[in-house]
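Have a look at the structure below, then the notes.
The values are calculated or read from the model by the stated rules, or taken from the named source; none is laboratory data. What you see is a predicted model, and the numbers here were worked out from it, not measured in a lab. Reconstructed Cβ throughout: ideal geometry from the backbone, glycine too, with neighbour counts over all protein chains shown.
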Amino acid sequence: MAASVSSNKYKVEKFTKKNSFSLWCIKIGDKLQNMLSEEQKDKILDRAYNAILLCLDEECTPISQHLDTFNYVTIPLNNIDIKIDDEDQALIVLCSR
């Protein structure tokens, strides 16, 4: 049985490092979406929209720099035969600075 954290409103499975982190994020995200009110969802979407607009500003990091960071992380891992899931690769690109 999976470890979990519970509160008085809902029960959430803990990430145990035995399963895919990307899949766990999707499951938790789905549960959280079902728990949020429409007003809360709208606030989150507005914040995401504003974050995207800020990133599109003139001072935004060029995509080539993001891809350089991605390659810096992934190429050495590929050289030693470590496979990175597509979802994890996407997270690396999105989180690069």
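Numbers at a glance
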item: Residue count for region 30-40, restricted to those that are surrounded by 12 or more Cβ atoms within 10 Å (Cβ to Cβ) and of a type in the set (D, E, K, R); result: 1
item: Filtered residues of region 81-97 (kept if assigned to a helix (DSSP H, G or I), loosely packed, with under 12 Cβ neighbours inside 10 Å and modelled with pLDDT under 80); result: LEU94, CYS95
item: Residue satisfying condition, being more than 24 Å from ASP88 (Cβ to Cβ) and either modelled with pLDDT of 75 or more or loosely packed, with under 12 Cβ neighbours inside 10 Å (or both), within set LYS14, LYS27, LYS43, LYS18; result: LYS43
